[in-house]
Amino acid sequence: MEKRAAFSDLRLAGALIAPQLLLVFVFFYWPAAQAVYWAFTTQPPFGGSNEWVGFQNFEQIFTDRVYWNSVGVSFLFAGLSTALSVGMALLFALFVDRRLTGYRVHRFIYFWPYAVAAPAVGLAFRFIFAPEAGFVSAVNQWVPGLWNPALDGKDALALIVLANSWKMVAYNFIFFLAALQSIPRPLIEAAAMDGAGVLRRARDIQFPLLAPTFFFLLVINVTESFVDSFGIVDITTGGGPARATDLMVYKIYSDGFKGLDYSMAAAQSIVLMGVVIVLTFIQFRYVERRVHYS
Amino acid sequence: MKNAIIAAVAAAALLGSSGAEAQQRIKFEYWYGLTGQLGEILEQHCKRFNDAQQKFEAVCVGQGGYDKAEQNTIAAYRSKQHPTVVQIYDAGTVNFMLSGAIYPANQFAKDFSIDIDWSNYFPGIANYYATSKGEMWSFPYNSSTALLYWNKDAWAKIGKTKAPETIEEWFDDLRKMKAAGVECGFGFDYDTWMPLEQFSAIHNLPIATKANGYGGLDAELVFNKTKFADYMKDWKKLLDEGVARIQTAQVGKTIVQSFTDGTCASVLSSVANHGVVGSTAKPGLNWGVAMLPVYKDFKRHNSLVGGASLWVMQGKSRQEYEGAAALMKFLSTPEEALWYSTANAYIPVTKTGFDFMNKNGFYQDPKHAGRELAITSLTFTPPTENSRGIRLGNFTQIRAEIRSELEAAFTGKKDMQVALDEAAARSNQILRRFEQTFKGKTLP
């Protein structure tokens, strides 16, 4: 039986959670409500006379080819960078868990990238991957024109996927490692004594037991790539070339802050919020069913 | 998220002003957008004003970019924490004119008895910031125009000692230089300021109907049907022939860097970079500037001013306005014009400033050689409807649309004409949207 502690005095409980509720209200519900209002009006930059326009902003978004392009790019970006960062993190965690040479150092430094601010990551990747002056420009010495994110949209997308994954690998790694280390050693040892190899043990024992962590990271990574990729895009590619990296969240920024069209940006953020909610719902509804906790 | 940012900006502004109340002098806030070396020079200029003052003190706060200065001012205005004076770039002019949040410069000068002879400003500069009736609503500050930067050594390889005057001659030179072994004749990026805006002005071509938007918010873009389209097709040809090259920060070097290290023999850039090129050019680089080349069938007209002007905002105290007035008086003296243009490469905005600099031998100094061409270019003819300026709503976004389509065309994903047609169509949508947002308002 689970034992629950409960407050007998609801007023005390209320007082204790009030500050947190207030924060959530001020920084989430209120702006979100404001955004909904703006999305159905036209809002001049300096404020003042909002005019009600119904669904016009949404109609304009959904009939815009460029917007659909940015939706496509966002999904591609989320899929690729989640696959890459979760996959790599799992691999690293397995290596460290197996105590391969240098694991103490690796365990320590793998987490660092997550502590680096996104714009700094972007700047570093921009310099390293600059096609003429960067470190990676060496590939262009061997095969001229192979790598040029400034001209080739696919290269640019690859660049932001790499940068985002590099940052997220660190975060995912910590969770995978913690999960791996909480798997009781006797299970692994017993399997080893039965003659199961490394891969077999990973597939039959470790992966199933990692499922809850895997699911958690899936949700986090997909959400992050949709809403938190702005800094990297802004510094490395600026949404270009020719909108090849114009993620939904970046388009919100450029329409709202650069274009000063707050209403259109608000409508887009409502759509983005909807996408994230739906994706999370799908993941909980269909993926979580296959996850066994404990 | 937006409101969180607005709140943060407001909080920052609050902290900034409360920390500065200890002293006696009357303070007012002055926000600016220039960054890097140019930002430091502006900060020094601000200090010069404060040192010359007993009564007022300008609290100068850099906003980290022209666009940020505009965004932050708008956010601050919405939460009533805005500065008294703000530096806003050319493209933000329309927004501020329609905002209802500003104190028009001509009215401000009258109310606070600043003695300004408005006709003393170079017409090319004054018209850009003036209303359709010719009233100036902001004070021109840092001003520039575009020039051709050319590498004399590269041109020497084809036996020429003079910069090209026509576009045909320039392209011809570039092709000859390629044959003579110059790796990159011309470096360009996707900035529309040189190829679209300046090009259209000096060729007296419209970018939009209704006198480039001065005549009303219902203007429509027409650049895809003018000689500009041919110009871009010619650039694409140069690119395909390997004569020209795209140089952006993402490629690894900006156009200016590709010029100063000797890679690209010519670039089009602002005169504001004259000082930067001078101080960062690799040793021995033999370079010069010239006016932008013109197609030979066209008569050259004046070029456009670029840069920023100073706006006075509504809703401040009388004392703060007096401080702002003192600042405007200070900045408009010829001595300050000389100081400012010496510290960086911006041009003087008034005729008196220019004459004063001439008299002091500024343009005879070999370090400043060629900077007078900016004035020549800017005053080449009296401004026409097409060379007066651009008054289009949300022009920042229009620039971005054109830029994206140019990227698609130059990287070979689209035909140039198709791309330009698409850019014009999308930009027109932006204008209609702007018109709707400002329904019932007319351009002053």
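Read-outs throughout are calculated quantities, based only on the coordinates presented, and are distinct from any laboratory measurement. In this text the structure is predicted, and so the values were computed from the model without any measurement. Glycine also receives a Cβ, built like all others from the backbone with ideal geometry; neighbour counts cover every protein chain displayed.
Counting Cα-Cα pairs of chain B in 10 Å increments starting at 0 gives whole-percent bin shares of 4, 20, 30, 26, 14, 4, 0. As a size descriptor, the averaged projected area of the C-alpha convex hull of region B:291-444 was calculated at 13.9 nm². Looking at chain B, the DSSP beta bridges with both ends there are about 60 percent antiparallel.
Contact order for chain B, expressed relative to its length and based on alpha carbon pairs under 8 Å spaced 6+ residues apart, stands at 25 percent.
Cβ crowding within 10 Å ranks B:L373, A:L21, A:L260 as A:L21, B:L373, A:L260, fewest other Cβ atoms first. Between A:R99 and A:V139, the simple label model (points 7 Å from Cα in the Cβ direction) yields a spacing of 3.8 nm.
Averaging the Cα positions of each part gives two centres, and for region A:135-192 and region B:103-146 these lie 55 Å apart. In chain A, the calculated helix contribution to ellipticity at 222 nm averages -20000 deg cm²/dmol per residue, counting -39,500 (n - 2.57) for every DSSP H run with n ≥ 4. Judged by the ratio a/c of the largest to the smallest principal axis of the C-alpha gyration tensor, region A:1-158 counts as oblate, that ratio being 1.5 or greater while a/b is no larger than b/c. Average projection, convex hull of the Cα set of region B:39-175: 12.9 square nanometres.
Here the translational diffusion coefficient of region B:385-431 follows from Stokes-Einstein with Rh set to the Kirkwood radius across Cα pairs; for 20 °C and 1.002 mPa s it amounts to 192 µm²/s. Computed over region B:105-171, the range of Cα coordinates on each principal axis works out to 60, 21, 14 Å, biggest value leading. Largest GNM mean-square fluctuation among B:Q364, B:Q24, B:Q44, using chain B with Cα springs under 10 Å: B:Q24. Here the Debye sum runs over all C-alpha atoms of the protein assembly as shown as equal scatterers in vacuum, and log10 of I(q)/I(0) at q = 0.08, 0.10, 0.11 Å⁻¹ comes out as -0.74, -1.10, -1.28. Fewest-first ordering of B:S387, B:S119, A:S74 by other beta carbons within 10 Å of each residue's beta carbon gives B:S119, A:S74, B:S387. Taking a sphere under 11 Å around the Cβ of A:A120 and counting the other residues whose Cβ falls inside, with K and R at +1 and D and E at -1, yields a net charge of +2. The mean number of Cβ atoms from other chains found within 10 Å of a Cβ in peptide B:96-102 is 3, as a whole number. Mean per-residue shielding of peptide B:394-403 is 4, counting Cβ atoms of other chains within 10 Å of each Cβ.
Taking every DSSP beta bridge that has both ends in the protein assembly as shown, the antiparallel portion is near 65%. Using the Cβ of A:A192 as centre and a radius below 15 Å, the other residues enclosed give a net charge of +2, where K and R count +1 and D and E count -1.
Just need the Rg to Rh number for chain A, please, alpha carbons only, Kirkwood Rh. Across chain A, the Cα-based Rg/Rh ratio is 1.04.
Counted over region B:182-306 with a bin width of 5 Å, the fraction of Cα pairs per bin, in whole percents, is 2, 10, 18, 20, 19, 14, 9, 5, 2, 1, 0.
Cβ crowding within 10 Å ranks B:T437, B:T376, B:T35, A:T101 as A:T101, B:T376, B:T35, B:T437, fewest other Cβ atoms first.
Restricting the trypsin sites (Lys or Arg not before Pro) of region B:337-408 to loop positions (DSSP other than H, G, I, E, B) with no more than 13 neighbouring Cβ atoms within 10 Å leaves nothing.
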